[in-house]
1. Assuming 0.36 nm per residue, please report the length gained on full extension of the stretch Arg154 to Asp73 beyond their Cα-Cα distance.
2. For region 93-184, count the residues as N, evaluate 2.2 N^0.38 Å, and divide the Cα radius of gyration by that value, please.
3. Among residues other than Gly356 whose Cβ falls under 12 Å from its Cβ, what is the net charge (Lys/Arg +1, Asp/Glu -1)?
4. What value does region 224-359 have for Rg/Rh, both radii from Cα atoms and Rh as Kirkwood defines it?
5. With the contact rule set at Cα under 8 Å and sequence spacing of 6 or more, what percent relative contact order holds for the chain?
6. Label region 40-194 by shape, choosing from rounded, prolate and oblate, from the square roots a ≥ b ≥ c of the eigenvalues of the Cα gyration tensor; if a/c is under 1.5 it is rounded, and otherwise prolate applies when a/b is larger than b/c, oblate when it is not.
7. Stick to the Cα atoms of the chain, pair each with every other, and give me the Kirkwood hydrodynamic radius in Å at one decimal.
8. Give me the distance in nm between label points sitting 7 Å out from Cα along the Cα-to-Cβ direction at Arg310 and Lys335, one decimal.
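Computed from the coordinates by the stated procedures, all read-outs in this text should not be read as laboratory data. Being a predicted model, the structure only gives us computed values, none of them experimental. So basically every Cβ, Gly included, is an ideal-geometry build from the backbone, and we count neighbours across all protein chains shown.
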Amino acid sequence: MKFTLISYHQRSSLALRSGSVHTLVHDTHPQGSLGNAHLQVVATPVSIDDIRAARTRLVGIAVRTPLVRFPADGGASEVYLKLENLQPIGSFKLRGAANAMALAGSDALSHGVYTASAGNMAQGVAWCARELGVRCRVVVPEHAPKTKTDAIERLGGEVIRVPFDEWWQTLVNRGHPGMDGFFVHPFADNAVMAGNGTIGLEIFEDLADVDAIIVPYGGGGLACGIAAAARAISPRTKVYAVEVETAAPLTASLAAGVPTPVTRTQTFIDGMGSGAVFGEMWPLVQSLLAGTIVVSVAQIAAAVKTLAERCRVVAEGAGAAPLAAALTGVLEGQKTVCIVSGGNIDLDKFATILRGDIP
């Protein structure tokens with residue numbers, strides 16, 4: 001594997017919206033009216049050139065994952081699965097982490113690297129840090145699953161557990177008190193989004209006439225990266241964010257026209273959902289996404305089970321959420337791609353789901 005570091009001097013910004021489907025409402029509020037005292041960067045969509053350059057950097061690092069047709073009942077619906085769970089770390093996050101660290105350059109990484117992550121971005125950063133021979137630390141929320149934290153430690157990363165609110169503040173502040181080194185933001189970073197956007201390149205190479213792409217929504221970096229690629233390659237293709245009903249701030253925000261906090265209930269679905277839309281991502285999400293689709297915890301658990309039974313695919317909750325959304329029929333008649341974003345699920349929870357229960 002070849003991992004090349006180059007200098008990177010650009011910092012940028014971002015773009016989103018629809019659920020049962022919920023649809024796009026353009027924000028007319030001026031910058032600074034969003035109520036986020038820590039808003040420092042306004043994201044803008046990454047360019048197709050940035051995404052193509054990222055793909056070149058990822059050769060030999062990230063896997064070009066397969067796009068396979070889902071065996072839907074009756075065979076009428078055209079639903080496809082983009083299997084990012086087959087990446088070396090079991091998640092798409094390797095793409096963004098590797099691109100961001102390659103662009104950072106050796107000087108920036110000389111004091112090590114760290115991130116704030118529920119587990120998958122942490123594994124991506126730790127994997128790249130191990131390859132580069134630099135120190136890696138990870139701030140994780142206290143609910144982070146053991147499967148993911150064990151994997152971080154196997155990759156040589158140091159795990160630092162903090163309460164969820166403190167973890168979220170690390171994302172807002174782009175750093176954590178007392179920690180030095182290069183901070184890789186898990187989603188609000190153009191280098192990360194460009195890496196994520198390479199998934200979009202692969203989708204359109206394999207299925208040029210796709211109508212819709214469904215992406216799990218956590219912070220928005222995956223959805224916006226793929227949507228930026230879609231806008232450049234196939235403007236007619238719509239990208240939808242899927243949220244779980246126990247943590248659906250984007251849906252609430254799009255309905256209100258401004259970022260709107262919601263009550264977040266913790267479930268086994270740890271890779272998506274929060275209590276608020278990240279301020280920096282709001283303008284980008286509004287401009288790039290077609291809408292949101294909201295599904296229940298039970299629907300996601302059923303999708304995890306269905307993927308295992310019909311496709312022999314192991315998906316975590318967030319990874320199964322796009323299929324759960326597609327199976328609602330809300331996009332019936334459209335050629336739809338579901339991003340199976342990861343497969344890092346605790347085995348005991350997976351076994352519980354296979355028995356027909358909800359962890």
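1. Additional length available on full extension: 25.1 nm.
2. Ratio of Rg to 2.2 N^0.38 Å for region 93-184: 0.97.
3. Cβ neighbours under 12 Å give a net charge of 0.
4. Working: Rg = 15.1 Å, Rh = 15.5 Å.
So for region 224-359, dividing Rg by the Kirkwood Rh gives 0.97.
5. 26 percent
6. Prolate, because a/c is 1.5 or more and a/b exceeds b/c.
7. Numbers: mean 1/r = 0.0506 Å⁻¹.
So the Kirkwood estimate lands at 19.8 Å.
8. 1.9 nm
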